[in-house]
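Engineer: After the structure tokens below, expect a handful of questions from me.
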Amino acid sequence: MTTVEPSKPRRQLGLFDATMIVMGGIVGAGIFANPSEVAHRVHTPFLILGVWVLGGCIAMCGAFIWAELATRLPAAGGQYVYLREAYHPAVAFMYGWGLLLVTQTGGMAAVAVIFASYFRELTGTNWNDGAIAAVTLLTLTGINCLGARAGSNVQSGLMLLKIGAIAALVFIGFVVGHNSLKPEGVLGEPASFGVLKRIGAAIVPIAFAYGGWQTATFVAAEMRDARRDLSRGLLIGVGSVVALYLAVNLACLRVFGPAGLDATTTPASDLMRMALGQRGAQWIAIAITISTLGFLSQSMLTAPRVYYAMARDGLFFASVGKLFGKSGTPVVAIILQGLAALLIAISGTYGEILNFEVTVDFIFFGMTAAALLILRRRGIGSDAVIYRVPGHPFTTILFVLSCAAIVVSAVLASPRNSAIALCIMLAALPIYYFWTRFRRTAS
């Protein structure tokens, strides 16, 4: 008995799923540590909260832009499709290449190892981190192979647990905190280029913490009404994360003050330990474990849809573009993503790849936002648009310039890593032309 492959993915996800996927793509383990990373760079309450507000504004601008793009081109692959239609398939291939080798898979590998270390500490198991990470990635791969509905249910449940953990952290911080948030000098020193450079450096970890909303667009083809639900999910999800992040930073400042926040590297654990002793530290370890698992679940659900879209365009192995089961699931693409993350997680070679992520990510963020200008000029998808970016083209151009500034800041902060990241990204171009020439020859 043969299995008939579905012609297209099954549309089974709604607004709640979209919102949870957006939030799950943003909220990982970073928010439990990044408040101190920012405080290492800027040292007054005004600047600390100000750069988080600035990062939130940039993220909301991105959400507005991606919401319109989702209504114009509600297809599997999301950002990959926007780049393909606005520029050239080579640019879209470069994006998918970077996603598989740097931004998504590398990030998943790092987070899987973080999950493993917390899991081992909580359970007392003698397994090494690589083995735990491998089992976790294989389990999530299996769940997502059952279909988008199964993967989304797991993701939504984990996201609700994360929201509860962050809300508890904020509540306890406000109860036990006693530091005043009145600024003792807005900048803490005379205005200078050095202050501006530190603000730019502080934006880098914030940009990383807010990144990830775009991955929800990868599953557009599995939304019941992608134009409506995905655009609304982007705005609700990003707005909710901005509110959560600002609340966490306010709580940390109330407990530690700017100097104390600068002095710690584990603000969430230290806050809970101060409030509830060792049991509190254990509870936050559980929360971080859940948060990392939720990020991995979201990544496994969304990213394979890009490789599926690439295969459908003839830019990847044909088997990656096949769908299986009644739900129309890209099983081969999901297995590819899981195995790639697993290999990096157990190889011990991941090392500095996480430092590359912001550089590559924000190059493509800027290019994708600029794609809206091109798509509007060409009138692509105009007949189906139900949502438009407020303040366009000015807000869109401002977002593009913000992305460029973040890339420059990342390069200045880590020139060697950024150079390697750019080389990996540009290596996609000769491979693209080899692949397309080989395909023409074979046909």
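Engineer: For the stretch 15-442, take the convex hull of the Cα atoms, compute a quarter of its surface area, and give me that in nm², please.
Structural biologist: Approximately 20.6 nm², given one-decimal rounding.
Engineer: Among Y82, Y307, Y387, which one moves the most in a GNM of the chain with springs linking Cα atoms closer than 10 Å?
Structural biologist: Looking only at Y82, Y307, Y387, the largest GNM fluctuation is found for Y387.
Engineer: Can you list the DSSP H helices in the chain whose Cα atoms extend at least 27 Å along the helix axis and whose mean Kyte-Doolittle hydropathy is -1.0 or higher?
Structural biologist: 45-72, 104-123, 148-176, 231-263, 267-302, 353-378, 394-413
Engineer: Of E121, E222, E68, which is the most mobile in a GNM of the chain whose springs link Cα atoms less than 10 angstrom apart?
Structural biologist: E121
Engineer: Which parts of the stretch 364-408 would a label at C423 reach, counting a residue when its backbone N lies under 20 Å from a point 7 Å out along Cα-to-Cβ?
Structural biologist: 408
Engineer: Report, in whole Å, the centroid distance computed from the Cα atoms of the stretch 59-85 and the stretch 233-300.
Structural biologist: Rounded to whole Å, the Cα centres lie 29 Å apart.
Engineer: Report the local net charge at L412: Lys and Arg +1, Asp and Glu -1, summed over other residues whose C-beta lies under 15 Å from its C-beta.
Structural biologist: Computed value for this residue: +4.
Engineer: Here is a further query. With charges set only on the Cβ (+1 for Lys and Arg, -1 for Asp and Glu), what does the dipole of the chain come to about its Cα centre, in debye to the nearest 20?
Structural biologist: For the chain, the charge dipole is close to 1080 debye.
Engineer: Taking neighbour Cβ counts within 10 Å as the exposure measure, how do H178, H40 sort from fewest upward?
Structural biologist: In order of increasing Cβ crowding within 10 Å: H178, H40.
Engineer: Run lengths n ≥ 4 of DSSP H only: what is the helix-derived mean residue ellipticity at 222 nm for the chain, with -39500 (n - 2.57) per run over all residues, to the nearest 500?
Structural biologist: Value at 222 nm, helices only: -24500 deg cm²/dmol.
Every number in this text was worked out from the coordinates using simple rules, so none of it is lab data. These figures come from a predicted structure and were not determined experimentally. All Cβ positions, glycine included, derive from the backbone under ideal geometry; neighbour counts span all protein chains shown.
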